[in-house]
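Chemist: Quick one: the structure is below, and I'll ask about it shortly.
Throughout, read-outs are computed from the coordinates displayed, never taken from laboratory work. Given the structure is predicted, the values throughout are model-derived calculations rather than measurements. Note: ideal-geometry Cβ built from the backbone for every residue, glycine included; neighbour counts use all protein chains shown.
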Amino acid sequence: MPRRLRILFVCAMNRQRSVTAERLYRNDARLEVRSAGVRAEAERRVSEADLVWADVVFVMEREHKRWIATRFEGLELPRIEVLDIPDDFEVMDPELVELLRATLDPEINHLLSGPPLPGQ
């Protein structure tokens, strides 16, 4: 059986958007998921170990992708996709859940059906 796809979800504070995404996908047998934030005050901040672990990173905003690229310059980064989901929601807000599912389900299915990502 192939290794499960490892996904890191990233937002600013790791309190609402990325936590919601992690909760939505943590019981999907095809995936291993983690979440983290980019700010110093984040519940759990993105680390080099997270980026080495991940096959793909889904960030909520372009600013998060830039932060990762700048902070971890020189590290071979996994694929990073921007979801463009604003910081307007509480954890598990039904509208946020709907947005995440509509955006992520096709992306995840595409990744799982395509050629293996490096390291898989």
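Chemist: Using just the helices of the chain, give the 222 nm mean residue ellipticity in deg cm²/dmol: DSSP H runs with n ≥ 4 each add -39,500 (n - 2.57), and the total is spread over all residues, rounded to 500.
Modeler: Details: 4 runs with 45 residues, N = 120.
Per the formula, -11500 deg cm²/dmol.
Chemist: Please compute the contact order of region 49-111 in relative form: average sequence separation of alpha-carbon pairs under 8 Å and at least six residues apart, divided by the residue count, as a percent. The partial results should precede the final answer.
Modeler: On the way: 47 pairs, mean separation 20.9, N = 63.
Value for region 49-111: 33 percent.
Chemist: Please report F9, F89 as a ranked list, fewest other C-beta atoms within 10 angstrom at the top and most at the bottom.
Modeler: The order, fewest Cβ neighbours first, is F89, F9.
Chemist: Whole angstrom only: what separates the Cα centroid of region 66-105 from the Cα centroid of region 28-47?
Modeler: Going from one Cα centre to the other spans 10 Å.
Chemist: Sort the following peptides by mean Cβ neighbour count (other Cβ atoms within 10 Å, averaged over residues), highest first: 71-81, 48-58. Could the numbers behind the result be given before it?
Modeler: Numbers: 71-81: 13.2, 48-58: 18.5.
Result, highest mean first: 48-58, 71-81.
Chemist: For R39 and L77, what does the FRET efficiency come to when R0 = 22 Å and r is the distance between their Cβ atoms, rounded to the nearest 0.05?
Modeler: Details: r = 19 Å, r/R0 = 0.86.
Computed FRET efficiency for R39 and L77 comes out at 0.70.
Chemist: For a quick protection proxy, order the peptides 32-41, 11-20 by their average other-Cβ count within 10 Å, most packed first. Please report the intermediate quantities before stating the final value.
Modeler: Numbers: 32-41: 18.9, 11-20: 23.5.
So the order, starting with the most tightly packed, is 11-20, 32-41.
Chemist: If you don't mind, another one. About the Cα centre of the chain, what is the dipole size in debye to 20, counting +1 per Lys and Arg Cβ and -1 per Asp and Glu Cβ, all else neutral? Spell out each step's value before the answer.
Modeler: Values: 18 positive and 22 negative charges, 94 e Å.
In total the dipole reaches around 440 debye.
Chemist: Given R₀ = 25 Å, FRET efficiency for N27-N109 by Cβ-Cβ distance, to 0.05? Write down the numbers at each step before the final one.
Modeler: Numbers: r = 16 Å, r/R0 = 0.66.
That gives a FRET efficiency of 0.90.
Chemist: Taking 0.36 nm per intervening residue step and subtracting the Cα-Cα distance, what contour gain separates R62 from E90 on full extension?
Modeler: Values: separation 28, 0.36 × 28 = 10.08 nm, distance 2.01 nm.
Once the chain is fully extended between R62 and E90, it gains 8.1 nm.
Chemist: Select one label from (1) 27; (2) 56; (3) 36: the one whose number is percent of Cα pairs over 22 Å apart as derived from the coordinates shown.
Modeler: (1)
Chemist: Any idea what the relative contact order of the chain is, in percent, if you count C-alpha pairs under 8 Å spaced at least 6 apart? Could the numbers behind the result be given before it?
Modeler: Working: 196 pairs, mean separation 32.9, N = 120.
With pairs under 8 Å counted, the relative contact order is 27 percent.
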